Amino acid sequence: MQFFAERVDKDAIDRLQRFITADFAQVDYTDAVTILENCGKQFENPVYWGVDLSSEHERYLAEEHFKAPVVVKNYPKDIKAFYMRLNEDGKTVAAMDVLAPGIGEIIGGSQREERLDVLDARMAEMGLNKEDYWWYRDLRRYGTVPHSGFGLGFERLIAYVTGVQNVRDVIPFPRTPRNATF
């Protein structure tokens, strides 16, 4: 880290120290949208309930409103995957994103739907062929437990840790159009 602090970002070590000692704010998606709608800032991408938050929305929440890492939770079901657990309100799913100041979303996760009947209903809503997911449905049919999962944006994490401003500069194996062998 000393290398990056000396050559890339003088604030790298202090930024990480602030991050790991910060109290993460938590906000429901609905409240996050209200904050964005009422903040008085003109965003390039419009914000309203039901739209997926863009990078500018995420960064505003983390950098300007909360001034800390933020966990946004309970997203609308219509903008999330069929396998995310439907909340009791029937409109949202048990999903969350962790937003970091200076980069935006760094982790995305959700509780997975363990109820086969609800999973089938969600697949039908989304126009997915149940037969294409026979193996996934069998995982639920033959026994499962409530469980969750998450994905960590590795390149975003490296950019955040090192202070490199453009995530493209930290991708170890860049992918370019029409240039992939597999």
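When region 62-108 is limited to residues that are among the acidic types (Asp, Glu) and closer than 30 Å to Ala121 by Cβ, the one that is surrounded by the fewest Cβ atoms within 10 Å (Cβ to Cβ) turns out to be Glu88. Remark: pairs (first residue in region 27-46, at pLDDT 95 or above; second residue surrounded by fewer than 13 Cβ atoms within 10 Å (Cβ to Cβ); Cβ separation under 6 Å; 6+ apart in sequence or on different chains) = Val33/Trp49.
The criterion of at least 3 residues that are within 30 Å of Asp23 (Cα to Cα) is met by the following helices (runs of 4 or more DSSP H) wholly inside region 63-182: 154-162.
Being without any contact (Cβ under 8 Å) to a residue 60 or more places away in the chain, over 21 Å from Lys73 (Cα atoms) and small (Gly, Ala, Ser) narrows it down to one residue among Gly143, Gly108; which is it? So that I can check it myself, show each step before the final result.
Numbers: Gly108 fails: over 21 Å from Lys73 (Cα atoms).
Matching residue, one of Gly143, Gly108: Gly143.
Only residues that are outside any loop (DSSP other than H, G, I, E, B) and either free of Cβ contacts under 8 Å to residues at least 12 places away in the same chain or of a type in the set (A, V, I, L, M, F, W, C) (or both) were counted in region 16-26, giving 7.
The values are calculated or read from the model by the stated rules, or taken from the named source; none is laboratory data. Here the structure is a predicted model, which means the values were calculated and not measured. When we count neighbours, we look across all protein chains shown, and the Cβ atoms used for this are built from the backbone with ideal geometry, even at glycine.
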